[in-house]
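Notes follow once the structure below has been shown.
Values quoted throughout were computed directly from the atomic coordinates according to the rules given, and no laboratory measurement underlies them. As the structure is a prediction and not an experimental result, all values here were calculated from the model. All Cβ positions, even for glycine, are placed from backbone atoms using ideal geometry, and neighbour counts span all protein chains on display.
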Amino acid sequence: MIRFGPAGLGGAKEAVHSLEEYHKKGISACEIAFTYGVYLKEEDAVEIGKAAKSLGIKLSIHAPYWINLNSAERRKVEESRKRILDCCKIGSLLGAYLVVFHPGYYGKMGKEETYQNIKREIINIVKEIKKRGWKINIAAETTGKVNVFGSVDEILRLVNETGCSFCIDILEKFKSHGDIHIHFSGIEYGEKGEKRHIITPESEIKELLKNLQKNVSKSKEITIINESPNPLGDSIKAIRIFKKI
Ligand SMILES: [Zn+2]
């Protein structure tokens, strides 16, 4: 099954209404963006979670951008860890299944040292989630930026060695690994890789869907979150294209 949905749900007050509107349009996934912090209160999370469940909308979370599990400063690593765990806590109240996060930066460290530091922190976070009994996993996101940790191979290695999940924009190497969570947008590339998100071209949606149909077994659940400047409109566009192919 393939679920489509936008990145972003909006404020707590209109969230339930937005989910109802999404449902009417065929949306069955939504990623709540805690980009600048966890903005939902616990009681709101419970209510939104109930609504999403009854509407058949699968929720995920995007953790704040200020995360670096490889900072040379211990305090910054602790803060990053706390931000991820705060997302997991509210996420478990929402009934969300995944917290997507950007693991960190190389800084002045080498690639292997960076990998080992990030791996250690992720193992600790996964342990903490289990200890608290939260039914949620964290998903390290691949990056299209060359100077940022998170190449496809680095993320794949983390998935294999820590039990964390993944969020990808490239499918090939991950297809044997459980359910699949994809971020999707139109992307403009510059010299250093990904430059900015643009409206998703129809041709790219078609290409992604054909690729999924060809490569991923039907028994898997695939969640496609659109992160373009018009995530709802592009999700609806993707649903329309999906029905045709
Ligand atoms: Zn992201």
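Among the candidates Ala63, Ala7, Ala12, which residue alone is of a type outside the set (Ser, Thr, Tyr) and either out of contact with any Asp or Glu (no Cβ under 9 Å at 6 or more places or on another chain) or surrounded by fewer than 17 Cβ atoms within 10 Å (Cβ to Cβ) (or both)?
Ala12
Which numbered condition in (1) away from the ligand (no atom under 16 Å from the Cβ); (2) more than 26 Å from Gly56 (Cα to Cα) is the only one that Gly144 fails?
The failed condition is (1).
Can you tell me which residue in segment 211-233 is surrounded by the most Cβ atoms within 10 Å (Cβ to Cβ), limited to those that are of a type in the set (D, E, K, R), over 16 Å from the mean Cα position of the chain (by Cα) and under 23 Å from Asp153 (Cα atoms)?
Within segment 211-233, the match that is surrounded by the most Cβ atoms within 10 Å (Cβ to Cβ) is Lys220.
Across segment 61-102, which residue is nearest to Val46 (Cα to Cα) among those that are of a type in the set (Val, Ile, Thr) and away from the ligand (no atom under 14 Å from the Cβ)?
Only one residue tops the list, namely Ile90.
Within the set of pairs 6+ apart or on separate chains, which have a first residue in segment 215-229 that is touching a residue at least 60 places away in the same chain (Cβ under 8 Å), a second that is exposed (fewer than 13 other Cβ atoms within 10 Å of the Cβ) and among the aliphatic types (A, V, I, L, M), and C-beta atoms under 6 Å apart?
Taking only residues 6 or more apart or on different chains, the pairs are Glu221/Met1.
So that you can scan it fast, the table gives a plain yes or no per residue for (1) assigned to a strand (DSSP E or B); (2) without any contact (Cβ under 8 Å) to a residue 12 or more places away in the chain:
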| residue | (1), (2) |
| --- | --- |
| Glu128 | no, no |
| Lys131 | no, yes |
| Leu158 | no, no |
| His181 | yes, no |
| Ile187 | yes, no |
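Give the residues of segment 160-172 that are more than 15 Å from the ligand (Cβ to nearest atom) and either touching a helix residue (DSSP H, G or I) at 6+ places or on another chain (Cβ under 8 Å) or in a loop (DSSP other than H, G, I, E, B) (or both), sorted by residue number.
Glu161, Thr162, Gly163, Leu171, Glu172
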